[in-house]
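Peer 1: Quick one: the structure is below, questions incoming.
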Amino acid sequence: MPKFAVIVFPGTNCDFETVSAIKKAGGKAERVWYKQGLKDFDGVVLPGGFSYADYLRAGAISARAEIMEEVKALAGEGKPVLGICNGFQVLTESGLLSGALRPNKIPRFLCRWVYLKVSDTQTTFTKFYEEGEVIRMPIAHAEGNYYADDLGKVKIAFQYSDEKGNIIEEANPNGSLLHIAGISNEKGNVLGMMPHPERASDKWLGSEDGLKVFKSMVEYAKR
Ligand SMILES: NC(=O)CC[C@H](N)C(=O)O
């Protein structure tokens, strides 16, 4: 059974839920304090939260922690690396994914449910979805407005949409370029997303649409 490290920085707050979601998806998962090493893991998840209280820019300080060198090495080996919300911010700040997460268009913290269209089912984290599938999960961020000068090095995995999958202005909560909610690297083994799939991993949470992100990742890591 593949084993995943869920990295905890000072201020991370979605680590326990993320561990539960990975376990529910059939994997093993452990919380790993950022000062610990990353030995014997088949993949890494950088969970959401307020690491270093979003000081400077969200994710900027965590991205410079030593453990990120190990995460880069692991990504280079083709292993899965998933960044959720603050984790996505850490991935762009560390250069593992290109682009940046700017403050939301209306500069305030947004906490609500959104619809997403699955735009790419070829990544390590989206294989269990159908092309164009519309899913529902929560967002909770102040800096989620994805921007990149050049989209040449990324693939769009998730886009904000309406209930029917239409990519319209009103469905974009934060002003992100091309309504981007999640992107991956070219290989598809590093993915960052602003919405929280772990908060949509059980019916009693209001949706279990996010579970397939973890199932896809676990299945991939079994190979
Ligand atoms: N839920 C989160 O991970 C929040 C990320 C970050 N603290 C922000 O507000 O943008």
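The values are calculated or read from the model by the stated rules, or taken from the named source; none is laboratory data. Fair warning: this is a prediction, and the values are worked out from it, not measured in the lab. Here the Cβ is made from the backbone with ideal geometry for all residues, glycine too, and neighbour counts use every protein chain on show. Heads up: the accessible areas ignore ligands, DNA and RNA and are worked out on the full protein's heavy atoms, side chains in. Shrake-Rupley method; radii C 1.70, N 1.55, O 1.52, S 1.80 Å.
Peer 1: For the chain, what does the convex hull of the Cα positions come to per residue, in cubic angstrom? All intermediate terms of the calculation are to be shown ahead of the outcome.
Peer 2: Values: hull volume 23.3 nm³, N = 223.
In the chain, the Cα convex hull volume per residue is 105 Å³.
Peer 1: Here is a follow-up. Treating the Cα atoms of the stretch 117-201 as identical point scatterers in vacuum, please give the log10 of the normalised Debye intensity I(q)/I(0) at q = 0.14, 0.20, 0.25, 0.27 Å⁻¹, two decimals.
Peer 2: Per q value, in the given order, log10 I(q)/I(0) is -0.43, -0.93, -1.46, -1.61.
Peer 1: Residue-wise, which Karplus ³J(HN,Hα) couplings in Hz belong to the stretch 6-19, taking 6.51 cos²θ - 1.76 cosθ + 1.60, θ = phi - 60°, and x for glycine or proline?
Peer 2: For the stretch 6-19, the Karplus-derived couplings read 10, 7, 10, 9, x, x, 5, 9, 10, 5, 5, 5, 5, 4 Hz, x marking Gly and Pro.
Peer 1: Using the heavy atoms of the protein chains and a 1.4 angstrom probe, tell me the accessible area per residue for the chain in square angstrom. Kindly include the intermediate steps, with their values, before the conclusion.
Peer 2: Details: 9790 Å² over 223 residues.
Counting only protein heavy atoms, the per-residue value for the chain is 44 Å².
Peer 1: For a quick check of your reading of the filter: which GluC sites (Glu not before Pro) in the stretch 27-71 sit in a DSSP loop and have no more than 12 other Cβ atoms within 10 Å?
Peer 2: On the way: sites: E30, E66, E69, E70; in loops: E66.
Sparse-neighbourhood loop GluC sites (Glu not before Pro): E66.
Peer 1: While we're here: What is the set of long-range amide H partners of V114 at a cut-off below 5 Å, with H atoms built 1.01 Å from backbone N?
Peer 2: It is M137, I139, by chain and number.
Peer 1: Oh, and also: Return the tail of the calculated pair distribution for the stretch 1-102, meaning the percent of Cα-Cα pairs more than 22 Å apart.
Peer 2: Values: 1036 of 5151 pairs.
So the portion of pairs separated by more than 22 Å is 20 percent.
Peer 1: Ignoring any ligand, DNA or RNA, what whole percent of the accessible area of the stretch 43-83 comes from carbon and sulfur when the probe is 1.4 angstrom?
Peer 2: Numbers: 930 of 1720 Å².
Within the stretch 43-83, the accessible surface is 54 percent carbon and sulfur.
Peer 1: Now a separate question. Going by amide H atoms built from the backbone, whose H comes under 5 Å of the H on E133, apart from near neighbours?
Peer 2: V118
Peer 1: So, one more: Residue by residue through the stretch 73-90, what is 3J(HN,Hα) from phi via Karplus (6.51 cos²θ - 1.76 cosθ + 1.60, θ = phi - 60°)? Round to whole Hz and write x for glycine and proline.
Peer 2: Listing the rounded values in order: 4, 4, 5, x, 7, x, 6, x, 10, 10, x, 10, 6, 4, x, 5, 4, 5 Hz.
Peer 1: May I pose another question? Given the -39500 (n - 2.57) contribution per DSSP H run of 4+ residues, what per-residue ellipticity at 222 nm results for the chain, rounded to the nearest 500 deg cm²/dmol? Let's see the in-between values first.
Peer 2: Numbers: 4 runs with 40 residues, N = 223.
Mean residue ellipticity, 222 nm, calculated: -5500 deg cm²/dmol.
Peer 1: What percent of all Cα-Cα pairs in the stretch 69-152 falls in each 5 Å bin, counting up from 0?
Peer 2: Calculated P(r), rounded to whole percents: 3, 12, 17, 22, 24, 15, 6, 1.
Peer 1: What whole number of Å gives the distance from the Cα centroid of the stretch 150-223 to the Cα centroid of the stretch 25-50?
Peer 2: That distance is 20 Å.
Peer 1: Residue-wise, which Karplus ³J(HN,Hα) couplings in Hz belong to the stretch 212-220, taking 6.51 cos²θ - 1.76 cosθ + 1.60, θ = phi - 60°, and x for glycine or proline?
Peer 2: Whole-Hz 3J(HN,Hα) from phi for the stretch 212-220: 5, 4, 6, 5, 4, 5, 5, 4, 4.
Peer 1: Compute the label zone of I167 within the stretch 106-135: residues whose backbone N is under 17 Å from the point 7 Å along Cα-to-Cβ.
Peer 2: 115-123, 130-135
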